[in-house]
Amino acid sequence: MKYILRQKSVTAVQWKGWPHKIKGLEQHPKYPQLAFFNALEVYKGDWIITHPSGDKGVMDDYNFHKTYLAVG
């Protein structure tokens, strides 16, 4: 699904917890209920965002919906 922020669109996928797998997501070394993505902790319900530049990031659900609007 695509979302928009000030005329910039991003691709985002929400992590639903294990066993939901997303490319690049690994099991957290200390806390098995969490995940690890690009050295960032990912909690169930967090969004993994891919920017047009190819950069990726993680955002919690509250801030994601405060920042982005669904466009399709």
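Quick note: the coordinates plus some simple rules give every number you see, no bench work behind them. Bear in mind that the values here come from a model prediction, so they are computed numbers and not experimental data. We place every Cβ from the backbone using ideal geometry, glycine too, and count neighbours over all the protein chains shown.
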In segment 29-45, anything within 20 Å of K66 (Cα to Cα) and either part of a loop (DSSP other than H, G, I, E, B) or in contact with a His (Cβ under 6 Å, 6 or more places away or on another chain) (or both) is listed as Y43, K44, G45
_Going residue by residue through segment 46-64, is there one that turns out to be exposed (fewer than 13 other Cβ atoms within 10 Å of the Cβ), not acidic (D, E) and not in a loop (DSSP other than H, G, I, E, B)?_
yes
